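Some notes on the structure that comes next.
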């Protein structure tokens, strides 16, 4: 269970969010500029809240009152950015195991095989990121995050930089990740149609605030508003 109760002021804009997320996929959903990426950056430890707390299964990652701010590499959180952020000088195989190497996690051949098969990237292992399509790069980025053994996976609009064809290519893999990945996910999106396909819980955001939390029925009023 992820528990978030944070506040962050960015110039004249303030994000003040309080919510909980369990297993499966929880979507942070709202229009552009509503604070979605700011929230996941605080969860990941890339941005320090001005107050509040962040916990996973009761384990504090950030607690302002206690003076605790655990660094990103000690939070055991995987993060998939919009553009993948693979290392261009490394092969796909080297990118996949980079997170494990950085965290001092021993390699697990069976887990690597499972993730590679789930994301269908075995044919890409010897290639460099520059030769991959956008959808292929995102699949490799997801694999790298999973192989770092995260207890939570953050996906910040992972299809935002893809064209329609590449979105259609990667969507089945995101659904498979939801069903077979074994890791709770926070999925950022402003598209109701996308959230309908992937998420099982929704946190609606507007102007830096959580307006409602619940199931996919929260998207019904937003279909015409955002899509």
Fill in the blank from the handout: Only one of (1) within 26 Å of residue 203 (Cα to Cα); (2) at pLDDT below 95 does not apply to residue 65, and that is (2)
Practice task
Report yes if some residue within segment 40-55 is in a loop (DSSP other than H, G, I, E, B), more than 17 Å from the chain's Cα centre (by Cα) and surrounded by fewer than 21 Cβ atoms within 10 Å (Cβ to Cβ); otherwise report no.
Solution key: yes
Exercise for the section: Might you let me know whether segment 61-75 holds any residue that is farther than 30 Å from residue 122 by Cα, surrounded by fewer than 21 Cβ atoms within 10 Å (Cβ to Cβ) and out of contact with any strand residue (DSSP E or B) (no Cβ under 8 Å at 6 or more places or on another chain)? Expected result: yes
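Here is a list: 24, 52. Which entry is in contact with a strand residue (DSSP E or B) (Cβ under 8 Å, 6 or more places away or on another chain) and at pLDDT below 95? Before the answer, list the steps.
On the way: 52 fails: at pLDDT below 95.
That would be 24, the only listed residue that is in contact with a strand residue (DSSP E or B) (Cβ under 8 Å, 6 or more places away or on another chain) and at pLDDT below 95.
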Practice task
Answer yes or no: is there a residue in segment 164-180 that is in a loop (DSSP other than H, G, I, E, B) and crowded, with 17+ Cβ neighbours inside 10 Å.
Solution key: no
Practice task
Output the number of the condition that residue 8 fails; it satisfies all remaining conditions of (1) farther than 16 Å from residue 211 by Cα; (2) surrounded by fewer than 16 Cβ atoms within 10 Å (Cβ to Cβ); (3) at pLDDT 95 or above.
Solution key: (2)
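Take residue 96 and tell me if it is in a helix (DSSP H, G or I) and either touching a residue at least 12 places away in the same chain (Cβ under 8 Å) or within 21 Å of residue 152 (Cβ to Cβ) (or both).
Working: in a helix (DSSP H, G or I): yes; either touching a residue at least 12 places away in the same chain (Cβ under 8 Å) or within 21 Å of residue 152 (Cβ to Cβ) (or both): yes.
Considered against the rule, which asks whether it is in a helix (DSSP H, G or I) and either touching a residue at least 12 places away in the same chain (Cβ under 8 Å) or within 21 Å of residue 152 (Cβ to Cβ) (or both), residue 96 comes out as yes.
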Fill in the blank from the handout: Pairing a residue in segment 69-88 that is closer than 16 Å to residue 100 by Cβ with any residue that is surrounded by fewer than 17 Cβ atoms within 10 Å (Cβ to Cβ), where Cβ atoms lie under 6 Å and the two sit 6 or more apart in sequence or on different chains, gives 76/151
Exercise for the section: Please enumerate the residues belonging to segment 77-117 that are in contact with a helix residue (DSSP H, G or I) (Cβ under 7 Å, 6 or more places away or on another chain), crowded, with 18+ Cβ neighbours inside 10 Å and modelled with pLDDT under 85. Expected result: 84, 99
Handout entry: Which numbered condition residue 150 misses (of (1) buried (at least 16 other Cβ atoms within 10 Å of the Cβ); (2) modelled with pLDDT of 95 or more; (3) in a loop (DSSP other than H, G, I, E, B))
Key = (2)
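I'm trying to understand the selection: among the residues of segment 25-35, which are more than 17 Å from residue 11 (Cβ to Cβ) and surrounded by 15 or more Cβ atoms within 10 Å (Cβ to Cβ)? Step through it out loud before you land on a result.
Here is the first cut: in segment 25-35, the ones more than 17 Å from residue 11 (Cβ to Cβ) are 25-31.
Correct list: 25, 26, 27, 28, 29, 30.
The values are calculated or read from the model by the stated rules, or taken from the named source; none is laboratory data. All values reported here derive from a predicted model rather than from experimental measurement. All Cβ positions, even for glycine, are placed from backbone atoms using ideal geometry, and neighbour counts span all protein chains on display.
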